[in-house]
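As structure tokens, the structure follows; a few thoughts come after it.
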Amino acid sequence: MSELSDDIKRALAALPREEQPDPALEERVVRVVIGRRRRWVWLSAVAAAAMVLVLTHPWSRAGAGGQTYLLLLSPGPAYLTPPPGHLDERRAEYGRWADSLARLGKLEVGGRLEPPGDIVDGLFIIRAADDADAARIAATCPHNKYRGHIELRRFIE
Amino acid sequence: MTGGEGAFRLLYRTHTPALYALALRLTGRDQHEAEDLVQETWVRATRKMSTFRGDSALRTWLCGVLVNVRRERLRSAWRMVDAPEIEPVSPPRDDAAFDLERAIAALPDGARDIFVLHEVYGYAHHEIAELLGVVEGTSKSQLSRARALLRQALNSGEATR
């Protein structure tokens, strides 16, 4: 393998290993990191509220047929954010998916979560025959296409 | 400020200068892209902190997260479309260091990543292979290519001065 000259090696060794970014970056990062955590705390509260709603709703009674599942949509590490100016289009696509589930009688509650951001976060409560059926429904969500993360949980009824 | 926020700021201030220096070199000294990489690295790292096993220094682990974020971005068509035209900016003041940084920035993406990780940050080929998802042979051949290109660039720079 070709080697570098001693001069180049010395110059490489002398390169700074640390550089200071724009001080404004710290505020941006803190806002995103801490804000995201707060949002998940809030999201958990929403999920808990949804669970209460489900468990007290008439269709949650035993023997009603099928099971109730919670789909939590989060960005995940590989989420493809919409290009600038295409956020509404992305949201509409999720909306059409939810509408199609509602028409099939499989959607109980669902929607996008506030506060609004550049990334779609959503919570859906669906009815499915069993775990496999719920997984099939989750697989049709556009969130998969954009490499988002979907957590699928079955309610204990 | 909450206790969690204070702790995070301390962590940020301790490790960000090193992350930013790495990001600048990997992006050919594109400040905008480098800041974006650092931001995403912190977002990702705070989510994945539970997977940090402590068998490497936290800074090394964070650098690995940054390298992975960059690798994913290079694969994302959208990211490539959105990427701004890159011009070397804010070079170090020292002429020799400037030439070297400029020569590194001019290396092709893949070769530059491997060169920077190996020659500047001391990663071994097997570590680079794991970080970048390539075989060790690729790391070695790309390093050899990068070295040759760098020597060529520095020699032509000397010849034109």
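The values are calculated or read from the model by the stated rules, or taken from the named source; none is laboratory data. Being a predicted model, the structure only gives us computed values, none of them experimental. Note that each Cβ is placed from the backbone with ideal geometry, even for glycine, and that neighbours are counted across all protein chains shown.
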key: Subset of the range B:1-24 (residues that are within 8 Å of chain A (Cβ to nearest Cβ) and modelled with pLDDT of 90 or more)   = B:TYR12, B:ARG13, B:THR16, B:PRO17, B:ALA18, B:TYR20, B:ALA21, B:LEU24
The range A:123-157, residues that are buried (at least 18 other Cβ atoms within 10 Å of the Cβ), assigned to a loop (DSSP other than H, G, I, E, B) and of a type in the set (Gly, Ala, Ser) = A:GLY148
ask   = Counting residues that are modelled with pLDDT of 85 or more and within 12 Å of the chain's Cα centre (by Cα), which helices (runs of 4 or more DSSP H) fully inside the range B:75-141 reach at least 2?
value = B:95-105, B:109-115
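Condition check ((1) more than 14 Å from chain B (Cβ to nearest Cβ); (2) modelled with pLDDT under 85; (3) in contact with a Cys (Cβ under 7 Å, 6 or more places away or on another chain)) across all residues:
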position: A:LEU25; (1), (2), (3): no, no, no
position: A:ARG28; (1), (2), (3): no, no, no
position: A:PRO75; (1), (2), (3): no, yes, no
position: A:HIS86; (1), (2), (3): no, yes, no
position: A:ARG91; (1), (2), (3): yes, yes, no
position: A:TRP97; (1), (2), (3): yes, no, yes
